[in-house]
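Structure record follows, encoded as structure tokens.
None of the figures in this text is laboratory data; all of them are computed from the coordinates on show. Only a predicted model underlies this, so the values are computations on that prediction, with no experimental measurement involved. Heads up, the Cβs are rebuilt from the backbone with ideal geometry, glycines too, and the neighbour counts pull from every protein chain shown.
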Amino acid sequence: MVDEGCAPRRSTAGTAIQCTVRRHLVAGYKHRHNSFVADDYSPPVTNPGAASNVTMDAFDARERRLRALMLRAQAGDDAAYRALLVDLSQHVRTFYRRRLTGLPDEIEDLVQETLLAVHNQRHTYDAAQPLTAWAFAIARYKLVDLLRRRGRREARNDSLDDVSELFTGGDAEAGDAQRDLTSLLDALPERQRLAIVHVKIDGRSVAETAALTGMSESAVKVNIHRGLKTLAKNVRAAS
Amino acid sequence: MKTDALIDLLATGAGPVPRYATSRRLLAAATIGTAGALLLLWIVFGINPALQADAARVPFWLKLAFAMALAGAGLLLCNRLARPGVPVGAAIWAALLPLLAMWLLGAMALIEADSAARAQLLFGASWRVCPFNITLLSLPAFAASVWAMRGLAPTDTRRAGAVAGFGAGSLGAVVYCLHCTEYAAPFIGIWYVIGILIPSVAGFVLGPRLLRW
């Protein structure tokens with residue numbers, strides 16, 4: 001049940017009921033969220049009315065879709081994971097374009113850094129929490145981190161608190177990254193670089209890579225994991 | 001590298017995510033921290049020679065339950081603050097309730113005691129060293145929880161550092177129960193709590209430097 005998005009499957013009564021239940025669960029979570037720490041998660045619109053209900057529904061629909069993608073991704077569905085990353089990258093890009101007007105050259109770099117963070121930290125997502133809140137917290141953290149490193153006044157900007165801001169439209173058109181990830185990838189320790197190139201770029205299986213490189217299969221997995229962590233660290237240090 | 005290429009790279013062969021990875025990492029840190037504290041206790045302080053007799057009485061278990069409840073609260077709070085977008089919320093009561101209960105017990109004991117006995121309830125024989133002993137015993141858990149947090153994703157590094165220190169301090173207090181011979185609620189409510197607060201404040205101060213990712 002949790003593997004499927006709700007919206008496309010209204011054909012049976014059972015699915016409809018499950019959807020309603022899940023929706024209430026998610027809504028309840030948001031509620032608890034809001035009552036204790038207002039700046040962590042706020043629904044996009046609070047005043048009642050027809051227009052706001054539409055916004056709220058669009059927001060809920062996106063939350064359900066992205067959460068379903070994340071749950072499938074965590075179960076090992078790489079296609080769902082790819083779709084999630086594409087969607088998130090677009091929202092994150094729009095969010096940063098709006099927020100980094102003073103540092104336009106940094107936007108695509110920060111989008112990439114955020115995607116790496118989402119990937120390396122994806123085991124911290126708890127299925128009981130809204131995926132949008134999780135993703136927004138990472139995007140905001142990376143933004144504040146960059147502003148702080150640049151010594152920008154906006155780093156202390158407390159208006160960065162509305163999760164809906166990240167999810168109000170996505171920008172598919174990527175800008176140019178200033179920093180070259182490929183050269184950072186090339187600079188990784190050899191075993192980490194090899195594991196990543198074979199599995200993640202050339203698309204070989206872990207077993208094939210193990211046979212090609214003489215590493216054990218678990219060493220290949222560990223080196224991919226460590227390599228992407230090192231890459232994220234170097235990306236942050238290079239900016 | 002284009003962002004699309006990065007997404008391809010990340011998604012290709014990504015595979016499943018281990019279940020309960022966050023909780024398991026924190027539990028591993030708590031286990032390592034407890035083992036380290038037991039070793040330190042054995043080397044530095046030794047075990048209370050009267051432990052067997054003391055453990056037959058209620059106050060020993062009350063003190064141990066207090067420290068364990070705080071350690072559990074620390075773990076719970078770490079498990080929330082290690083994840084992006086999860087607020088502390090009502091979980092803060094897991095830490096506050098044992099504290100309030102101990103302070104209530106302490107206040108009752110002080111009110112009932114005559115003035116001559118109050119100093120003994122408050123200061124016992126070891127108030128000067130108790131907080132620092134607990135802080136010392138919290139060091140292994142402090143290091144372990146910083147290690148655990150660094151592999152997770154705390155977005156509020158100050159508060160994440162503080163709860164990591166709080167959990168470590170509480171584990172130190174749990175282990176210190178095997179050495180300490182103080183059982184008065186006012187003593188525990190003050191000096192044990194200070195011993196737990198020292199690593200909490202250290203975590204709060206060091207968090208932004210140690211937990212950045």
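Structure data summary
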quantity	calculated
Ratio of Rg to Rh over the stretch A:89-152 (Cα coordinates, Kirkwood Rh, two decimals)	0.98
Most to least packed among B:117-129, A:121-133 [average Cβ atoms within 10 Å]	A:121-133, B:117-129
Shielding score for A:133-142, defined as the mean number of other chain Cβ atoms within 10 Å	5
Span per principal axis, largest first, for the Cα atoms of the stretch B:33-210 (Å)	50, 35, 26
Ordering of B:167-178, A:61-72, B:78-89 by packing [mean C-beta count within 10 Å, highest first]	B:167-178, B:78-89, A:61-72
Radius 10 Å from Cβ of B:Gly207, net charge of other residues (Lys, Arg +1; Asp, Glu -1)	+3
In order through the stretch B:72-79: 3J(HN,Hα) via Karplus (6.51 cos²θ - 1.76 cosθ + 1.60), integer Hz, x for Gly, Pro	x, 4, x, 5, 4, 5, 4, 4
Two-site label geometry, B:Leu51 and B:Leu64: point separation in nm, points 7 Å out along Cα→Cβ	1.0
Shielding by partners - mean other protein chain Cβ count within 10 Å, residues of A:104-113	1
Greater than 32 Å apart at Cα, pairs in A:Lys142/A:Lys221; A:Lys142/A:Lys200; A:Lys233/B:Lys63	A:Lys233/B:Lys63
Test item: A:227-233 mean partner chain Cβ contacts at 10 Å	1
Sequence of B:Ile196, B:Ile7, B:Ile92 once ranked by neighbouring C-beta atoms within 10 Å, starting from the fewest	B:Ile92, B:Ile7, B:Ile196
Residues A:Ala238 and B:Arg24, FRET efficiency given R0 of 45 Å [Cβ-Cβ distance, rounded to 0.05]	0.90
Ranked packing of B:197-206, A:134-143, A:218-227, most packed first, by mean Cβ within 10 Å	A:134-143, B:197-206, A:218-227
Net charge of Cβ neighbours under 11 Å - reference B:Asn48; Lys, Arg +1; Asp, Glu -1	-2
Whether the stretch B:1-88 is rounded, prolate or oblate, judged on the alpha carbon gyration tensor where a/c under 1.5 counts as rounded	prolate
Share of pairwise Cα separations in the stretch A:179-239, more than 17 Å, in percent	33
